[in-house]
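Asks: This is the structure, below, for whatever I ask next.
The values are calculated or read from the model by the stated rules, or taken from the named source; none is laboratory data. Model, not experiment: these values are computed from the prediction. Heads up, the Cβs are rebuilt from the backbone with ideal geometry, glycines too, and the neighbour counts pull from every protein chain shown. Side chains included, ligands, DNA and RNA excluded: accessible areas come from the protein's heavy atoms. Shrake-Rupley method; radii C 1.70, N 1.55, O 1.52, S 1.80 Å.
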Amino acid sequence: NEPTLYATYAAVTDAETGRVLFAKRGFEQVPMASTTKILTCIIALEQAELSDTVSVSSYAAQMPQVRMGMREGEQYILGDLLYALMLESYNDVAVAIAEHIGGTVEGFARLMHDKAATIGVKRFHFITPNGLDATETVNGKTKEHSISAGNLSRIMSYCCFLSPQKDEFLKITRTTGKQITSQETQG
């Protein structure tokens, strides 16, 4: 008997083998919303230093709710922002991190594509670091920011069990609360 699930899409994956043990519409490519921030976090952990100073652009400061309320020109420590990203799911924080690491949101999206492909994820399309609904035209076809539950499960397995930064990822995601302030407020 299949378990009763209220989720529209689901996948349970063996973390060691990547084998999908159970799926409910688990291979349909659909918008992924804030679960995008899982990949944003692991890329930041793997490609930058937690002590990096992140400057907030006007674009990042203009992100819609849910947001931390960052203002253009403020500076934050990347390690602190990763807690804000994963604990509160702030859209402005995701963009500030993406711009810091990728130069632009588009540059960071390329990093997201590269990382997903490297860990064996198939059939995905990343446009934003925060998961806000987005579409773009690629080679004459409209593509949506999307992935399947099965492939999202593969990304999560990588973050928790295979990434060289898995311990830091788990430390951040297991934390229940943290005070975040700009460097201007700290000093």
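Asks: Which residue out of E88, E99 is surrounded by fewer than 19 Cβ atoms within 10 Å (Cβ to Cβ) and either at negative phi or at pLDDT below 95 (or both)? Talk me through it step by step, then tell me what you get.
Replies: On the way: E99 fails: surrounded by fewer than 19 Cβ atoms within 10 Å (Cβ to Cβ).
Just one listed residue meets the conditions, E88.
Asks: Which of the residues that make up region 145-167 are among the aliphatic types (A, V, I, L, M) and within 12 Å of I38 (Cα to Cα)?
Replies: Start the filter on region 145-167 by keeping residues that are among the aliphatic types (A, V, I, L, M), which leaves 147, 149, 152, 155-156, 162.
Selection gives L152, I155, M156.
Asks: Is there a residue in region 70-87 that is under 15 Å from the mean Cα position of the chain (by Cα) and among the charged types (D, E, K, R)? Full working, then the answer.
Replies: Going through region 70-87, the residues under 15 Å from the mean Cα position of the chain (by Cα) turn out to be 78-79, 81-87.
Imposing the further condition that a residue be among the charged types (D, E, K, R) reduces the set to none.
The answer is no; no qualifying residue exists.
Asks: Are there any pairs with C-beta distances below 8 angstrom linking a residue in region 1-29 that is free of Cβ contacts under 8 Å to residues at least 12 places away in the same chain and surrounded by 15 or more Cβ atoms within 10 Å (Cβ to Cβ) to a residue that is aromatic (F, W, Y) and assigned to a loop (DSSP other than H, G, I, E, B), with the two at least 6 apart or on different chains, and if so which?
Replies: Listed by first residue and then by second, the contacts come to nothing, as the list is empty.
Asks: Out of region 136-168, which residues are farther than 21 Å from S89 by Cα, of a type outside the set (D, E) and open to solvent by 20 Å² or more (accessible area, probe 1.4 Å)?
Replies: Listed by number, the residues that qualify are T137, V138, N139, G140, K141, T142, K143, F161, L162, P164.
Asks: Can we say E99 is part of a strand (DSSP E or B) and of a type outside the set (V, I, T)?
Replies: Details: part of a strand (DSSP E or B): no; of a type outside the set (V, I, T): yes.
Considered against the rule, which asks whether it is part of a strand (DSSP E or B) and of a type outside the set (V, I, T), E99 comes out as no.
For every residue, the table says whether it meets (1) in contact with a strand residue (DSSP E or B) (Cβ under 6 Å, 6 or more places away or on another chain); (2) touching a residue at least 60 places away in the same chain (Cβ under 8 Å); (3) not in a helix (DSSP H, G or I).
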| residue | (1), (2), (3) |
| --- | --- |
| K122 | no, no, yes |
| P129 | no, yes, yes |
| D133 | no, yes, yes |
| T137 | no, no, yes |
| K143 | yes, no, yes |
| G150 | yes, yes, no |
| S153 | yes, yes, no |
| Y158 | no, yes, no |
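Asks: Would you point out which residue out of K171, K122 is charged (D, E, K, R) and either modelled with pLDDT of 95 or more or surrounded by 15 or more Cβ atoms within 10 Å (Cβ to Cβ) (or both)? Walk me through how you get there before you give the answer.
Replies: Working: K122 fails: either modelled with pLDDT of 95 or more or surrounded by 15 or more Cβ atoms within 10 Å (Cβ to Cβ) (or both).
After ruling out the rest, the residue left standing is K171.
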